[in-house]
Amino acid sequence: MTMAKRSSSEAMAWLLFSAGGVVSALLVPVLLLLSGVLFPLGLLVPEHAHLAAVLGHPLTKVVLLGLCMLALLHWAHRFRYTLYDGLRLKRLSVPINLLCYGGALAGSVWAAIVLF
Amino acid sequence: MPDTITLQVARYRPDADAAPTTQEYVVPLREEWAVLDGLNYIKDRLDGTLSFRWSCRMGICGSCGMTVNGNPVLTCGTFLTDYAPGPIRIEPLANFPVVRDLVVEIEDFLRKLPAVKPWLVREDEQGVDDVEFLQTPAQLAEYQQYSMCINCMLCYAACPVYALEPDFLGPAAIALAQRYNLDSRDQGAHQRLDLLATAQGVWACTYVGECTSACPKGVDPAGAIQRYKLTAATRTLRSVLMPWAAR
């Protein structure tokens, strides 16, 4: 067999995809339960000042930004392969990579603007 | 239960036919008969020109893999009664070129298999008399599952990535590489890394998981590939970030 080169870009993309999957699976259900069910239904009523303090804390912002970035990179990797294999568009790999990873980058920048 | 069942068998003689055709045969429907027994009945009694591979009849040799009603299976382990009243559609394994009827060309797999060095690689080549490799049950359990592979290639027929990317190393070859990587007696993991951590190696896999569903021996090639992705990613990044560190 011809020897292909070890691919560090694929390794990096997969590590970020994998990290995004883990972080999203752990944090997103908790955030959805709190902000989408428990708070709106009044089952859990946080004190406004307390909640504002938690959300205003730099550490919270960094964690949320990390979650947004990794979740978007997870999406980028999966959507890239959906387009490659699902729609058989691998010949368009350059624009697809730009769309997916560029989209994830743009979303991350947007998240940073909203958060900070 | 009826006494007979119809087999719709794909026929293709590349020298004579423009395209594959289907031929119907009526065979006895017996409780203890596998699909392979039905095919052998055709070969012996009805039509000696039908071609297919088989050998052991007991799920060990891995020769009789075919597509039965759309699924890749070993025909020796798939029973006619499971498909009664029929008809049963029997086609060659998908994703491989057809040589004749149900016989496929497996050259691609035979070329990829030795490339992953599926044997014990040692840095110190000691003679057989000088060395005894001891292994604990826990060390055996690390790789034993992957050693059950019989090279039947059902996982290649099931893999949608292999269908699209013929260069993909494929499920069985990667699972076999892991079988040796995880063996405490083996020292060849870094040699296999250069082949496995490529775009045609583990990175081509999108974790569809059909290989594991198709495997008749309970091997989990999809799991082996996923597990190896973490190894490949960390080793590759380490060599990029710390080029001075060996391997």
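Of the residues screened, B:Ala138 is one that is over 14 Å from the mean Cα position of the chain (by Cα) and part of a helix (DSSP H, G or I). Return yes or no: is B:Gln191 part of a loop (DSSP other than H, G, I, E, B), open to solvent by 10 Å² or more (accessible area, probe 1.4 Å) and out of contact with any Pro (no Cβ under 8 Å at 6 or more places or on another chain)? No, not satisfied.
The criterion of at least 3 residues that are within 14 Å of another protein chain (Cβ to nearest Cβ) and surrounded by 12 or more Cβ atoms within 10 Å (Cβ to Cβ) is met by the following helices (runs of 4 or more DSSP H) wholly inside region A:1-90: A:8-32, A:58-81.
Within region B:97-107, if we keep just the residues that are outside any strand (DSSP E or B) and not aliphatic (A, V, I, L, M), the residue that is most open to solvent (accessible area, probe 1.4 Å) turns out to be B:Glu107.
Just checking, which of B:Phe52, B:Phe96 is aromatic (Phe, Trp, Tyr), in contact with a Cys (Cβ under 8 Å, 6 or more places away or on another chain) and not assigned by TED's automatic domain parsing to the domain that holds B:Ala158? Full working, then the answer.
Values: B:Phe96 fails: in contact with a Cys (Cβ under 8 Å, 6 or more places away or on another chain).
Sole residue among the options that is aromatic (Phe, Trp, Tyr), in contact with a Cys (Cβ under 8 Å, 6 or more places away or on another chain) and not assigned by TED's automatic domain parsing to the domain that holds B:Ala158: B:Phe52.
Answer with yes or no whether B:Ala157 is at pLDDT 90 or above and touching a Gly at 6+ places or on another chain (Cβ under 9 Å). For B:Ala157, the condition - at pLDDT 90 or above and touching a Gly at 6+ places or on another chain (Cβ under 9 Å) - is met. Considering each residue of region B:208-220 in turn, at least one proves to be under 30 Å from B:Leu74 (Cα atoms), within 11 Å of chain A (Cβ to nearest Cβ) and assigned to a loop (DSSP other than H, G, I, E, B). With respect to the conditions (1) surrounded by 13 or more Cβ atoms within 10 Å (Cβ to Cβ); (2) among the hydrophobic types (A, V, I, L, M, F, W, C); (3) within 30 Å of B:Leu50 (Cβ to Cβ), B:Leu110 lacks only one, and its number is (1).
Can you give me the number of residues within region B:62-87 that are among the polar types (S, T, N, Q) and in a strand (DSSP E or B)?
Filtering region B:62-87 for residues among the polar types (S, T, N, Q) gives B:63, B:67, B:69, B:71, B:75, B:78, B:81.
Checking which are in a strand (DSSP E or B) leaves us with B:67, B:71.
Residues flagged as among the polar types (S, T, N, Q) and in a strand (DSSP E or B) within region B:62-87 amount to 2.
The condition of being surrounded by 24 or more Cβ atoms within 10 Å (Cβ to Cβ), touching a Cys at 6+ places or on another chain (Cβ under 6 Å) and in a helix (DSSP H, G or I) does not hold for B:Ala157.
This table checks each residue for (1) in contact with a strand residue (DSSP E or B) (Cβ under 7 Å, 6 or more places away or on another chain); (2) more than 22 Å from B:Met148 (Cβ to Cβ).
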position: B:Thr49; (1), (2): no, yes
position: B:Met66; (1), (2): yes, no
position: B:Asn69; (1), (2): yes, yes
position: B:Arg89; (1), (2): yes, yes
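Put simply, of B:Tyr143, B:Tyr180, B:Tyr162 the only residue that is within 14 Å of chain A (Cβ to nearest Cβ), in contact (Cβ under 8 Å) with a residue 12 or more places away in the chain and of a type in the set (Phe, Trp, Tyr) is B:Tyr162.
The values are calculated or read from the model by the stated rules, or taken from the named source; none is laboratory data. This one's a predicted model, so the numbers in the text were calculated from it and none came from an experiment. Methodologically, a virtual Cβ is constructed for each residue, glycine included, from the backbone with ideal geometry; neighbour enumeration extends over all protein chains shown. Keep in mind that these areas ignore ligands, DNA and RNA; they rest on the heavy atoms of the full protein, side chains included. Shrake-Rupley method; radii C 1.70, N 1.55, O 1.52, S 1.80 Å.
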